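The values are calculated or read from the model by the stated rules, or taken from the named source; none is laboratory data. These figures come from a predicted structure and were not determined experimentally. Here the Cβ is made from the backbone with ideal geometry for all residues, glycine too, and neighbour counts use every protein chain on show. The protein model used for the area step is the full one, side chains on, heavy atoms only, and it has no ligands, DNA or RNA in it. Shrake-Rupley method; radii C 1.70, N 1.55, O 1.52, S 1.80 Å.
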Amino acid sequence: AEPPGRLKDRKDKDKDQDKAQLKVRECPRAPSQPPPDPALMEMLRRFDLSWEYGPCSGITRLQRWERAQELGLSPPAPIRDALLEHRDNPDVTYRWVWDGLGW
């Protein structure tokens, strides 16, 4: 462990930059993938905020939809269709939480 207040060596700084660049490359969304349709994202946001379908922490939107269906809660079929159609797009697949506020 380094003493408090000590600056990192240049070599360590380069390693940190390499790690940051690696994380960018590991992003699951391909750069060429178009952003989701705003109407689709609004529909998914309303689904996320519908507490009748249960909590959405730690699961994908499709898992939440399927759980609601199994519990007899009748989640909207267009949500499932959209999730299956855009299953390779993490912006659609996962609910993103910013500052714990949801959007």
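Rolling a 1.4 Å probe over the protein heavy atoms of region 38-94, with every protein chain left in place, gives an accessible area that is 53 percent carbon and sulfur. Amide H contacts under 5 Å for Arg95: Arg61, restricted to partners 5 or more places along the chain or on a different chain, H placed in the peptide plane at 1.01 Å from N. For Arg64, Arg45, Arg87, the ranking by accessible surface with the largest value first comes to Arg87, Arg45, Arg64, using a 1.4 Å probe.
Computed about its Cα centre, the charge dipole of region 38-94 is approximately 100 debye, with only Lys, Arg, Asp and Glu carrying charge at their Cβ.
Panel note: the C-alpha atoms of region 38-94, placed on their principal axes, show extents of 27, 20, 18 Å (largest first).
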